[in-house]
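The values are calculated or read from the model by the stated rules, or taken from the named source; none is laboratory data. It should be emphasised that the depicted structure is a prediction, and the values quoted were computed from it without experimental measurement. Positions of Cβ are generated from backbone atoms using ideal geometry, with glycine treated the same way; all protein chains shown enter the neighbour counts. Just the protein is used for accessible areas: all its heavy atoms, side chains included, with ligands, DNA and RNA removed. Shrake-Rupley method; radii C 1.70, N 1.55, O 1.52, S 1.80 Å.
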Amino acid sequence: MKITFLGTADAIPTARRNHTAILLNWENENILIDCGEGTQRQFRKAGLNPCNITRLLITHWHGDHVLGIPGLLQTLAFSGYNKTLKIYGPRGTKKYMKELTDAFIFAGKIKMEIKEIDRGKFADEKDFYLEAERMTHGCPTLAYSFVKKGKLRIDKKKLKKYKLSSGVHLQKLKQGKDIVYEGKKFLAKNLTYIVDEEKVSFVLDTSFNNSIVKFVKGSKVFVSESAFASDMEGKAKEHKHMTSVQAAKIAKEAKVGKLYLTHISQRYEKNFDKLLNEAKKIFKNSHIANDLEVVEVK
Ligand SMILES: [Zn+2]
Ligand SMILES: [Zn+2]
């Protein structure tokens, strides 16, 4: 699994930071999270082909997260994109997508499937699923997780405890199905556990809220917005954003592997260390994401 940061700026891009866009690659899936202005050129700079995108996840409809969508769609159409682009976003996404593509002469068309997500699991595929949670940002806003499904293992201690001998019913358990053994019903979830599950989470614009820790729990990589330093916590709350310290506290409590701070305000252009050092004091494995940086999820 690989994460490419295509843009890491706050609302106003800078010379070194483009508007928000993050690409998650796993096997044949290339999932783009947000598509700020200029994202298609960032693909070029990163040496990546935008035609490989399979899904677009939109966190919310503030301009800095979506202004790159029309340009990207047009380029995909010109480039012979032949998949159906699956687009997910919060309430209002269908209306905004229609208005966005009606606002200019869209030369060529591509197939799109647009789904509005409330919260919870979606795109439940054989080997992975996506999950969303509602954030607090003054407009419908979602955080997203990608979860690579683990393998189901049978808890042998419990088999012994319930005196379940081997037989065809164990095959059923392995598939996650409940079983009946000697007239008694056993729930698969009580006799099995999951190994090798891998999760990465993306929390873009939001103020600090109680849902985040639970949502990102156990993520190998937790990407979090960090628009402000801790001395501006009041401002962060007022503008419905977070500080790097708040992101680090979440990372610690949620026992994530690594924290990547993004959505960095231009006021820290010459002083990113301020954000980073504060975060590191709370959660050691903190990093500031930079444009075109690639992170291998291990
Ligand atoms: Zn933003
Ligand atoms: Zn926003």
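Among the numbered criteria (1) in contact (Cβ under 8 Å) with a residue 12 or more places away in the chain; (2) more than 22 Å from Glu133 (Cβ to Cβ); (3) not polar (S, T, N, Q), which single criterion is violated by Gly183?
Among (1) in contact (Cβ under 8 Å) with a residue 12 or more places away in the chain; (2) more than 22 Å from Glu133 (Cβ to Cβ); (3) not polar (S, T, N, Q), Gly183 violates only (1).
Restricting attention to region 60-119, which residues are of a type in the set (Lys, Arg) and away from ligand 2 (no atom under 16 Å from the Cβ)? Talk me through it step by step, then tell me what you get.
Of region 60-119, the ones of a type in the set (Lys, Arg) are 83, 86, 91, 94-95, 98, 109, 111, 115, 119.
Within region 60-119, Lys83, Lys86, Lys94, Lys95, Lys98, Lys109, Lys111, Lys115, Arg119 meet the criteria.
Across region 33-57, which residue is nearest to ligand 1 (Cβ to nearest atom) among those that are in contact (Cβ under 8 Å) with a residue 40 or more places away in the chain and at negative phi?
Pass one, region 33-57, residues in contact (Cβ under 8 Å) with a residue 40 or more places away in the chain: 33-34, 42, 45-46, 48, 55, 57.
Imposing the further condition that a residue be at negative phi reduces the set to 33, 42, 45-46, 48, 55, 57.
Working: Ile33: 12, Gln42: 16, Lys45: 21, Ala46: 21, Leu48: 22, Arg55: 20, Leu57: 14 Å.
Top of the filtered list is Ile33.
How many residues are of a type in the set (Lys, Arg) and either surrounded by 13 or more Cβ atoms within 10 Å (Cβ to Cβ) or touching a strand residue (DSSP E or B) at 6+ places or on another chain (Cβ under 9 Å) (or both) when one looks only at region 137-160?
If we filter region 137-160 for residues that are of a type in the set (Lys, Arg), which is where we start, we get 148-149, 151, 153, 156-158, 160.
Still in the list and also either surrounded by 13 or more Cβ atoms within 10 Å (Cβ to Cβ) or touching a strand residue (DSSP E or B) at 6+ places or on another chain (Cβ under 9 Å) (or both): 148-149, 151, 153, 158.
Counting residues in region 137-160 that are of a type in the set (Lys, Arg) and either surrounded by 13 or more Cβ atoms within 10 Å (Cβ to Cβ) or touching a strand residue (DSSP E or B) at 6+ places or on another chain (Cβ under 9 Å) (or both) gives 5.
Pick out, from region 238-298, the strands (runs of 3 or more DSSP E) lying fully within it that include 2 or more residues that are surrounded by fewer than 21 Cβ atoms within 10 Å (Cβ to Cβ). Let's see the steps before the verdict.
Working: elements: 258-262, 286-288, 294-296.
Where strands (runs of 3 or more DSSP E) fall fully within region 238-298 and carry at least 2 residues being surrounded by fewer than 21 Cβ atoms within 10 Å (Cβ to Cβ), they are 286-288, 294-296.
What number of residues within region 2-24 are assigned to a strand (DSSP E or B), open to solvent by less than 40 Å² (accessible area, probe 1.4 Å) and not aromatic (Phe, Trp, Tyr)? It would help to see each step written out before you state the result.
Within region 2-24, the first condition is being assigned to a strand (DSSP E or B), and the residues that meet it are 2-7, 9, 21-24.
From what's left, open to solvent by less than 40 Å² (accessible area, probe 1.4 Å): 3-7, 9, 21-24.
Those left that are additionally not aromatic (Phe, Trp, Tyr): 3-4, 6-7, 9, 21-24.
Within region 2-24, residues that are assigned to a strand (DSSP E or B), open to solvent by less than 40 Å² (accessible area, probe 1.4 Å) and not aromatic (Phe, Trp, Tyr) number 9.
Please list, ordered by residue number, the helices (runs of 4 or more DSSP H) wholly in region 63-151 having 3 or more residues that are within 16 Å of ligand 1 (Cβ to nearest atom) and either within 23 Å of Gln42 (Cα to Cα) or modelled with pLDDT under 95 (or both).
Passing ranges, in order: 63-66.
Would you call Ser207 part of a loop (DSSP other than H, G, I, E, B) and not aliphatic (A, V, I, L, M)? If you could, list the steps in order and put the result at the bottom.
Working: part of a loop (DSSP other than H, G, I, E, B): yes; not aliphatic (A, V, I, L, M): yes.
Yes.
Does Lys163 satisfy the condition of being loosely packed, with under 10 Cβ neighbours inside 10 Å, farther than 22 Å from Tyr144 by Cα and modelled with pLDDT under 90? Spell out the reasoning first.
Details: loosely packed, with under 10 Cβ neighbours inside 10 Å: yes; farther than 22 Å from Tyr144 by Cα: yes; modelled with pLDDT under 90: yes.
Considered against the rule, which asks whether it is loosely packed, with under 10 Cβ neighbours inside 10 Å, farther than 22 Å from Tyr144 by Cα and modelled with pLDDT under 90, Lys163 comes out as yes.
Output the number of the condition that His62 fails; it satisfies all remaining conditions of (1) closer than 17 Å to Ala143 by Cβ; (2) crowded, with 20+ Cβ neighbours inside 10 Å.
For His62, the failing item is (2).
Filter region 200-237 for residues that are among the small types (Gly, Ala, Ser) and either buried (at least 24 other Cβ atoms within 10 Å of the Cβ) or more than 30 Å from Lys177 (Cβ to Cβ) (or both) and give the result. Steps first, please.
Pass one, region 200-237, residues among the small types (Gly, Ala, Ser): 201, 207, 211, 218-219, 224, 226-227, 229-230, 234, 236.
Correct list: Ser201, Ser207, Ser211, Ser219, Ser224, Ser226, Ala227, Ala229, Ser230, Gly234, Ala236.
In contact with a Phe, Trp or Tyr (Cβ under 8 Å, 6 or more places away or on another chain) and exposed (fewer than 13 other Cβ atoms within 10 Å of the Cβ): which single residue out of Lys126, Lys98, Lys121, Lys111 fits that description? Reasoning before the result, please.
Details: Lys126 fails: in contact with a Phe, Trp or Tyr (Cβ under 8 Å, 6 or more places away or on another chain); Lys98 fails: in contact with a Phe, Trp or Tyr (Cβ under 8 Å, 6 or more places away or on another chain); Lys111 fails: in contact with a Phe, Trp or Tyr (Cβ under 8 Å, 6 or more places away or on another chain).
Only one candidate qualifies: Lys121.
Gly92 is checked against (1) open to solvent by 50 Å² or more (accessible area, probe 1.4 Å); (2) at positive phi and fails just one. What number does that condition carry?
The single condition Gly92 does not satisfy is (1).
Looking at (1) outside any helix (DSSP H, G or I); (2) out of contact with any Cys (no Cβ under 6 Å at 6 or more places or on another chain), which is the only condition His60 fails?
The one condition His60 does not meet is (2).
Cβ-Cβ distance below 8 Å, separation of 6 or more or different chains: which pairs start in region 198-219 with a residue that is free of Cβ contacts under 8 Å to residues at least 40 places away in the same chain and on the phi > 0 side of the Ramachandran plot and end on one that is more than 16 Å from ligand 1 (Cβ to nearest atom) and open to solvent by less than 10 Å² (accessible area, probe 1.4 Å)?
These pairs meet every condition: Gly218/Ala254.
From (1) over 23 Å from Ala103 (Cα atoms); (2) assigned to a loop (DSSP other than H, G, I, E, B), pick out the condition that doesn't hold for Phe43.
(2)
Under the condition of being surrounded by 14 or more Cβ atoms within 10 Å (Cβ to Cβ) and over 32 Å from the mean Cα position of the chain (by Cα), which residue from region 179-199 is nearest to Val213 (Cα to Cα)? Show your work before the answer.
Applying the first criterion (surrounded by 14 or more Cβ atoms within 10 Å (Cβ to Cβ)) to region 179-199 yields 179, 181, 186, 188, 191-192, 198-199.
Going one step further and asking which of them are over 32 Å from the mean Cα position of the chain (by Cα), we end up with 179, 181, 186.
Values: Ile179: 34, Tyr181: 39, Phe186: 32 Å.
Selected residue: Phe186.
Just to be sure, is Glu113 within 26 Å of His241 (Cβ to Cβ) and touching a residue at least 12 places away in the same chain (Cβ under 8 Å)?
Details: within 26 Å of His241 (Cβ to Cβ): no; touching a residue at least 12 places away in the same chain (Cβ under 8 Å): yes.
Answer is no for this residue.
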